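Reading through the structure tokens given below for one structure.
The values are calculated or read from the model by the stated rules, or taken from the named source; none is laboratory data. In this text, all values refer to a predicted model and were calculated from it rather than measured experimentally. Here the Cβ is made from the backbone with ideal geometry for all residues, glycine too, and neighbour counts use every protein chain on show. For the accessible areas, the whole protein counts, side chains as well, though only heavy atoms, and no ligand, DNA or RNA atoms are used. Shrake-Rupley method; radii C 1.70, N 1.55, O 1.52, S 1.80 Å.
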Amino acid sequence: MVNTAPTPPETRTPARRTPTTSKRPARPNGQWKVDGTAPLNHNEEFKQESDPLEVRDRIERIYAKEGFDAIPGDDLHGRFRWWGLYTQRKPGIDGGKTATLEPHELEDKFFMLRVRIDGGALTTEQLRTIAGISTEFGRGSADITDRQNLQLHWIEVESVPEIWRRLEAVGLSTTEACGDVPRVILGSPVAGVAKDELIDPTPVIEQIQERFIGDPALANLPRKFKSAITGHPSLDVVHEINDISFVAVDHPELGIGYDLWVGGALSTAPRLAERLGVFVTEEQAPDVWHGVVRIFRDYGYRRLRNKARLKFLLADWGTEKFREVLESEYLGYRLPEGVAPPSPASLGLDERGDHVGVHEQHDGRFYIGAAPTVGRVSGETLARLADLAEAHGSSRVRLTPQQKLLVLDVAQEQVEPLVTGLAELGLQARPSPFRRNTIACTGIEYCKLAIVETKATSAAAITQLEERLGDLTHLKPLSLHVNGCPNSCARIQTADIGLKGQLVMDDDGNQVPGFQVHLGGGLASTDRDDAGLGRTVRGLKVTADGIGDYVERVVRRFDADHDGDETFAQWAHRADEEALR
């Protein structure tokens, strides 16, 4: 008989178990439609506590009267951005302290004010108004950014209501010029005037502006949201590095419309945008834009600020899922299959996407593109530019994503006199290659995130390179982008030579301002078919005062070593590391 009585626990032989790993539940990412809307960090808390757009009322009623010291932290370092206001860096704080001091220790009691200029389009009246604000309230400061905005500095909070009054009187604003919102919409600087544009994007930009900018329903995004739209075949709005871009195409069956790109951005984790593979009509474009922005609002990651851009969601979802969610949840209809825009290089375009120089418009008049030095102008320069344009028959100016400016609608007989007048203002319509192709961010002069100075450093390097490389006119011009910190406002990863600000050791072992070097990046242009990110070489760094020496050395090495029609980018990606030092 078999004993079937259970064995007492203390005498049982333990059963052999397969080891198991208890899997922790995934931490919520703060996706509103997945995790709910409970805030997971302080940024999300202050955005929910009070609609950030409502801070304008407090600025006008309280802070402009009681002064800087009356502003609480969440408004000062948070909600003020929704109206284009950042505190600027206190003078005299070196770059070594950028990462160690608290914001209140770094900041001055003055503001950077960003004027939102969608499509970069200005009338001379608007330009003169900004010039007046610069000279009266901003110590004459003015920078053209690579987002087609104008930035002023030294602004006091007491002056802000009057500045808003003057801007809005001429149809300008600072609404959502900064913050976790839809930022300025980049638009082709030659919209509506270029002979070879496929479609004028102005109506789409205006619809988005009128319908959605300043809408409280879109004023709490996970992070900033950048948009671009162009109808020009030169692809002149850096579409590969925006959260959303509409690029004009001529569909063989559906005619002219837009190809949709999403998920581009640079900063410390660069990622190029991807095509969704859909065709969007002009009429559909504002609603498609609205759908993509709401996907970002509802599904974007909010727990970690450094993972909160749309590019991270797209990387996880992929384009197929993104398209499915857009069409099924936000549009309610399917979009036709699209076609990719041809690269400017494949079209054999003579005109480059910065539009510098003299170009005939479709109406027989001309537009003239001119280069200031790395976007640095002044209130006086802007006022004189407005006068100069009007004196030569123009009332329209455009800013570009390359820190350049255009004067439109110039009669043929006025072209050369205007070119001469622009040069007298320091605005070159026929600039040297390095003056034309160098851009720089704000840098340590004003920015609390910066580690090194950029504007003056870049200007000095341009002068050196004009003198030293004047014999290399047979080479295609190279782009030089200079950034004061790792955040890539100056798009260092998409330049032939990109410089990222940091502290480096000089030959004597001293820690000095300098740059890490990126080589061989670029966006689709007349010189290359596709966008690509630059290459970094371990330990390749230059001091700030050694930029000219380094660029001369690497360009001459390229000139000696490249094969045939090989571009600098192609050479830089294949060259031995020693050749790049």
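Taking the chain as a whole, which cysteines find no other cysteine Cβ under 4.7 angstrom from their Cβ?
Cys178, Cys447, Cys485
Cα convex hull of the stretch 443-581: mean projected area in nm², to one decimal? Mind showing how you got there, number by number?
Details: hull surface 33.8 nm².
Average of the hull's projected areas for the stretch 443-581 equals 8.4 nm².
If Lys and Arg each add +1 and Asp and Glu each add -1, what is the summed charge of the other residues whose beta carbon sits under 14 Å from the beta carbon of Leu388? Provide the component values of the computation, followed by the final result.
Working: positive: Arg128, Arg384, Arg396; negative: Glu380, Asp387, Glu390, Asp409, Glu416, Glu424.
Around Leu388, the surrounding residues sum to -3.
Apply the Kirkwood formula to the stretch 27-75: the hydrodynamic radius equals the inverse of the mean of 1/r over all pairs of different alpha-carbon atoms; give it in Å with one decimal. Please list the in-between numbers first.
On the way: mean 1/r = 0.0794 Å⁻¹.
In the stretch 27-75 this quantity evaluates to 12.6 Å.
Once phi is turned into θ = phi - 60°, what whole-Hz ³J(HN,Hα) does the Karplus curve with 6.51, -1.76 and 1.60 give for every residue of the stretch 171-183, x standing for Gly and Pro?
x, 10, 7, 10, 4, 6, 6, 9, x, 8, 8, x, 6
Pairs of Cα atoms under 8 Å, at least six residues apart: use those to get the relative contact order of the stretch 222-296, whole percent. Intermediate results must be reported in sequence, preceding the final value.
Numbers: 139 pairs, mean separation 17.9, N = 75.
Relative contact order comes out at 24 percent.
Could you compute the FRET efficiency for Ala423 and Asp561, with r as their C-beta to C-beta distance and R0 at 35 Å, rounded to 0.05? Could the numbers behind the result be given before it?
On the way: r = 36 Å, r/R0 = 1.03.
E between Ala423 and Asp561, to the nearest 0.05, is 0.45.
Bin by bin, in steps of 10 Å, what percent of the Cα pairs in the stretch 156-217 do you find, going until the bin that has the longest distance?
Going from the shortest bin to the longest, the percentages are 18, 39, 31, 11, 2.
For each pair in Lys321/Lys541; Lys47/Lys455; Lys97/Lys311, compute the distance between the two Cα atoms and list the pairs where it is over 32 Å.
Details: Lys321/Lys541 41 Å; Lys47/Lys455 34 Å; Lys97/Lys311 30 Å.
Violating the 32 Å limit, Cα to Cα: Lys321/Lys541; Lys47/Lys455.
What is the sum of charges around His562, taking Lys and Arg as +1, Asp and Glu as -1, for the other residues whose C-beta is under 14 Å from the C-beta of His562?
Working: positive: Lys476, Arg556, Arg557, Arg574; negative: Asp496, Asp527, Asp559, Asp561, Asp563, Asp565, Glu566, Asp576.
Taking every Cβ under 14 Å from that of His562, the sum is -4.
To check my understanding: the extent here is largest minus smallest coordinate of the Cα atoms along each principal axis. What are those three numbers for the stretch 329-469, in Å, largest first?
That works out to 53, 47, 32 Å along the principal axes.
Given labels modelled 7 Å from the Cα in the Cβ direction, how far is it in nm from Lys195 to Glu54?
Label at Lys195, label at Glu54, 5.6 nm between them.
What accessible surface, in Å², does a 1.4 Å probe find on Phe68, ignoring ligands, DNA and RNA and rounding to the nearest 10?
Solvent-accessible area, nearest 10 Å²: 30 Å².
For a quick check: with amide H placed at 1.01 Å from N, whose amide H comes under 5 Å from Arg528's, ignoring anything fewer than 5 positions away on the same chain?
Amide H neighbours of Arg528, under 5 Å, 5+ apart: Ala345.
Taking Rh as the Kirkwood radius, which is the inverse of the mean 1/r over Cα pairs, what is the Rg/Rh value for the chain?
Numbers: Rg = 26.1 Å, Rh = 25.3 Å.
Rg/Rh: 1.03.
Evaluate E = 1/(1 + (r/R0)^6) for Ala26 and Asn306, where r is the Cβ-Cβ distance and R0 equals 25 Å; express this FRET efficiency to the nearest 0.05. Show your work: numbers first, answer last.
On the way: r = 18 Å, r/R0 = 0.73.
Result of the calculation: an efficiency of 0.85.
Measure out, as a whole number of angstrom, how far apart the alpha-carbon centroids of the stretch 449-512 and the stretch 281-297 sit.
Here the two parts' Cα centres lie 37 Å apart.
Under a point spin-label approximation (7 Å from Cα along Cα-to-Cβ), what is the Glu66-Glu329 distance to one decimal in nm?
4.1
Accessible area of Cys447, 1.4 Å probe, to the nearest 10 Å²?
Using a 1.4 Å probe on the heavy atoms, I get roughly 40 Å².
Add -39500 (n - 2.57) for each DSSP H run of 4 or more in the chain, then divide by its residues: what number comes out at 222 nm, to the nearest 500 deg cm²/dmol?
Details: 17 runs with 158 residues, N = 581.
Value at 222 nm, helices only: -8000 deg cm²/dmol.
Using amide H atoms built 1.01 Å from N in the peptide plane, name the residues 5+ places from Gly277, or on other chains, whose amide H lies under 5 Å from its own.
Leu260
Express the accessible area of the stretch 435-581 per residue in Å², computed with a 1.4 Å probe while the remaining protein chains stay in the model. Walk me through the intermediate numbers first.
On the way: 6250 Å² over 147 residues.
The answer is 43 Å² per residue.
Against the 2.2 N^0.38 Å scaling, with N counting residues, where does the stretch 527-581 land? I'd like the Cα-based Rg ratio to two decimal places. Could you put the intermediate results ahead of the total?
Numbers: Rg = 11.9 Å, N = 55, 2.2 N^0.38 = 10.1 Å.
For the stretch 527-581, the normalised Cα radius of gyration comes out at 1.18.
What does the accessible area per residue of the stretch 182-251 come to in Å², with a 1.4 Å probe and no ligands, DNA or RNA counted? Can you show the working numbers first?
Details: 1730 Å² over 70 residues.
Per-residue value: 25 Å².
May I ask for the equivalent-ellipsoid semi-axes of the stretch 22-163, computed as the square root of five times each C-alpha gyration tensor eigenvalue and listed largest first in whole Å?
Largest first, the stretch 22-163 gives 32, 19, 17 Å.
Can you give the convex hull volume of the alpha carbon atoms of the stretch 218-371 per residue, in Å³? Could the numbers behind the result be given before it?
Numbers: hull volume 22.6 nm³, N = 154.
Each residue corresponds to 147 Å³ of Cα convex hull volume.
Based only on Cα atoms, what mean projected area does the convex hull of the stretch 112-175 have, in nm²? Let's see the in-between values first.
On the way: hull surface 15.2 nm².
Average projection, Cα convex hull of the stretch 112-175: 3.8 nm².
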